[in-house]
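Enquirer: One structure is given below, represented as structure tokens, and several questions about it will come after.
The values are calculated or read from the model by the stated rules, or taken from the named source; none is laboratory data. All figures in this text were calculated on a predicted structure; none of them were measured in a lab. No Cβ is skipped: glycine too gets one built from the backbone with ideal geometry, and neighbour counts run over all protein chains shown.
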Amino acid sequence: MKLSVKSILYLMFFSFVTISASEHGIYLQTISNIKGDFYKVGDELKTKLKSAGFNILNYTDIATPDIVRQKKEEQCGFKAKLILCSSNEFTKMMTSRGNKYLVASFLRIGLYETHDGVQIVIADPETINRIVFNDLWENGKENEYNQIVKKTKEFKANLISAIHSISGGTKVEKVMEPIRSDEDLRESSRDMFMMVGKMTFFNDEDQFPIIYSRKNTDGRKGLERLINEMKNNLKNFQPTKDDVEYRYVASPEVLKWKIIGQVYSPDSTSVVLGITRPQTEGLSFQIAGSKRESSANKCPGIDHLVAYPIEVLITQKDGQLLVSTAREMFRMDMYFWDAGKMAFMNHMSMPSVLDESIKIALLGKEFQK
């Protein structure tokens, strides 16, 4: 059958829409080019989110690549802030298939400056959940996986609606790199076969390993005791030589890890902690933006600011407390794949340095290599 030119154009258009609709970015830009005071934009955004029913866990500065640049003329001078949120309903939905999925309960909204104004971006909860829950798909629970994705889209729409309610700027829903397809996300496709492995939290035990365990007979009290011990360890943390010497360090304080948010499971038996530090933020954004950098745009990598905090999950099972956190090579692949293979090759030792640093910071004297 011979198709008319109109039919061919229609099919080409339909195919393009279908392909585009199946693409999911880790980041989603929601507002572009707000003209106005950076801090006023942040305060309004925080107020709108709170009014929409989101729990504000933290509103904090995020480091830019300037932190790892000694020369003043190489610095961009831009500001970046993170609004870390949660939602009781979202958390309830996340843990309906088990408390291990609490790892994806943080909702992250970032605002950052460019020459064109203030930009607002989110860590796309739909894309993240397509990764976190893909063990359901791969274990024959396709319907449950699809239900989670459907419900996540509803929460995502509410989040975007709240963000779009602020004044100024252009309201958008722009998918940002790194971008992957539905199929790649649900089937745990590998970005770098040899270096990273499968893009999954739970179908590859190396990706989200247990880094510490101990007996617990005190329920919630035992959980709180461990959290307090970790907070004390974080205060007393001393970075290793590798940690200090990896890149220019502006001051000892930028190497200190801190907890910036925590969310409990509805049954109070598990918690996810969010940890971060300025040095790791700034350096990762420097690496992420290096191939996009120009004299007119010195800090493009700060559009990845909602990659943080790093999730640390504490769950209880068979009378034990289990502490898990993502292997940093896997997490960097998840959030920074678009930096390119050369960036990963040039910083191959960075993930292992971070893995060790995080374990020492959290576990203190309990840390074992």
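So that you can scan it fast, the table gives a plain yes or no per residue for (1) under 26 Å from ILE31 (Cβ atoms); (2) of a type outside the set (A, V, I, L, M):
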site	(1), (2)
THR280	no, yes
GLY289	yes, yes
GLU293	yes, yes
ILE302	yes, no
GLU328	no, yes
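Enquirer: Which of (1) out of contact with any Leu (no Cβ under 7 Å at 6 or more places or on another chain); (2) in a loop (DSSP other than H, G, I, E, B) does GLU281 not meet, given it meets every other one?
Expert: Result: GLU281 fails condition (2) only.
Enquirer: Here's another thing I want to ask about it. Is the stretch 199-217 home to any residue that is free of Cβ contacts under 8 Å to residues at least 24 places away in the same chain, surrounded by fewer than 18 Cβ atoms within 10 Å (Cβ to Cβ) and assigned to a helix (DSSP H, G or I)?
Expert: Within the stretch 199-217 (the criterion being free of Cβ contacts under 8 Å to residues at least 24 places away in the same chain, surrounded by fewer than 18 Cβ atoms within 10 Å (Cβ to Cβ) and assigned to a helix (DSSP H, G or I)), the answer is no, since none of the residues qualifies.
Enquirer: For the condition within 21 Å of VAL271 (Cβ to Cβ), among the charged types (D, E, K, R), surrounded by 20 or more Cβ atoms within 10 Å (Cβ to Cβ) and within 20 Å of the chain's Cα centre (by Cα), what is the one hit in LYS100, LYS81?
Expert: Answer to the check: LYS100.
Enquirer: From the list VAL41, VAL68, which one is of a type in the set (A, V, I, L, M, F, W, C), in contact with a helix residue (DSSP H, G or I) (Cβ under 6 Å, 6 or more places away or on another chain) and at pLDDT 95 or above?
Expert: VAL68
Enquirer: If you don't mind, there's one more thing I want to ask. Could you tell me which residue of the stretch 182-196 is nearest to GLY25 (Cα to Cα), considering only residues that are modelled with pLDDT under 90 and in a loop (DSSP other than H, G, I, E, B)?
Expert: In this case the residue turns out to be ASP191.
Enquirer: Among the residues of the stretch 336-348, is any crowded, with 22+ Cβ neighbours inside 10 Å and under 29 Å from LYS174 (Cα atoms)? Walk me through it before giving the result.
Expert: Step one: list which residues in the stretch 336-348 are crowded, with 22+ Cβ neighbours inside 10 Å, which gives 336, 339.
Those still in the list that are under 29 Å from LYS174 (Cα atoms) too: 336, 339.
Within the stretch 336-348, one or more residues are crowded, with 22+ Cβ neighbours inside 10 Å and under 29 Å from LYS174 (Cα atoms).
Enquirer: Only residues that are closer than 30 Å to GLY168 by Cβ, of a type in the set (Val, Ile, Thr) and in contact with an Asp or Glu (Cβ under 9 Å, 6 or more places away or on another chain): list them for the stretch 119-155, please.
Expert: Correct list: VAL121, THR152.
Enquirer: Across the stretch 130-142, which residue is nearest to LYS81 (Cα to Cα) among those that are in contact with a Lys or Arg (Cβ under 9 Å, 6 or more places away or on another chain) and without any contact (Cβ under 8 Å) to a residue 40 or more places away in the chain?
Expert: PHE133
Enquirer: Can you tell me which residue in the stretch 110-167 is surrounded by the most Cβ atoms within 10 Å (Cβ to Cβ), limited to those that are among the basic types (Lys, Arg) and closer than 22 Å to PRO178 by Cβ?
Expert: Among them, the one singled out is ARG130.
Enquirer: Can you tell me how many residues in the stretch 347-369 are among the charged types (D, E, K, R), in contact with a strand residue (DSSP E or B) (Cβ under 9 Å, 6 or more places away or on another chain) and in contact (Cβ under 8 Å) with a residue 60 or more places away in the chain?
Expert: Qualifying residue count, the stretch 347-369: 2.
Yes or no, residue by residue, for (1) under 23 Å from VAL254 (Cα atoms); (2) part of a helix (DSSP H, G or I); (3) in contact with a Cys (Cβ under 7 Å, 6 or more places away or on another chain); (4) not β-branched (Val, Ile, Thr):
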| residue | (1), (2), (3), (4) |
| --- | --- |
| SER324 | no, no, no, yes |
| ARG331 | yes, yes, no, yes |
| ASP338 | no, yes, no, yes |
| ALA343 | yes, yes, no, yes |
| VAL353 | yes, yes, no, no |
| SER357 | yes, yes, no, yes |
| ILE360 | yes, yes, no, no |
| LEU363 | yes, yes, no, yes |
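Enquirer: Could you tell me which of the residues LYS153, LYS171 is over 30 Å from PHE344 (Cβ atoms), assigned to a helix (DSSP H, G or I), at pLDDT 95 or above and among the charged types (D, E, K, R)?
Expert: Details: LYS171 fails: assigned to a helix (DSSP H, G or I).
Just one listed residue meets the conditions, LYS153.
Enquirer: State which residue pairs qualify: first residue within 24 Å of GLU74 (Cβ to Cβ) and in contact (Cβ under 8 Å) with a residue 60 or more places away in the chain and inside the stretch 299-313, second residue assigned to a strand (DSSP E or B) and among the acidic types (Asp, Glu) in any location, beta carbons under 8 Å apart, and separation of 6 or more residues or different chains.
Expert: Short answer, once both residue conditions are applied: none.
Enquirer: In addition: Filter the stretch 73-123 down to the residues that are among the aliphatic types (A, V, I, L, M) and part of a strand (DSSP E or B) and list them by number.
Expert: Of the residues in the stretch 73-123, the ones among the aliphatic types (A, V, I, L, M) are 80, 82-84, 93-94, 102-104, 107, 109, 111, 118, 120-123.
Listed by number, the residues that qualify are ALA80, LEU82, ILE83, LEU84, LEU107, ILE109, LEU111, VAL118, ILE120, VAL121, ILE122, ALA123.
Enquirer: Sort out which residues of the stretch 230-275 are among the hydrophobic types (A, V, I, L, M, F, W, C), closer than 22 Å to LEU321 by Cβ and either free of Cβ contacts under 8 Å to residues at least 24 places away in the same chain or out of contact with any strand residue (DSSP E or B) (no Cβ under 7 Å at 6 or more places or on another chain) (or both), and write them in order of number.
Expert: MET230, PHE237 - these are the residues of the stretch 230-275 that are among the hydrophobic types (A, V, I, L, M, F, W, C), closer than 22 Å to LEU321 by Cβ and either free of Cβ contacts under 8 Å to residues at least 24 places away in the same chain or out of contact with any strand residue (DSSP E or B) (no Cβ under 7 Å at 6 or more places or on another chain) (or both).
Enquirer: Return the residue satisfying two criteria in turn: it lies in the stretch 32-55 and is among the basic types (Lys, Arg) and within 13 Å of LEU111 (Cβ to Cβ), and of such residues it is surrounded by the most Cβ atoms within 10 Å (Cβ to Cβ).
Expert: Out of the qualifying residues, it is LYS46.
Enquirer: Take the residues in the stretch 8-38 that are at pLDDT 95 or above and of a type in the set (Ser, Thr, Tyr), then tell me which one is nearest to PHE336 (Cα to Cα).
Expert: By that ranking, first place goes to TYR27.
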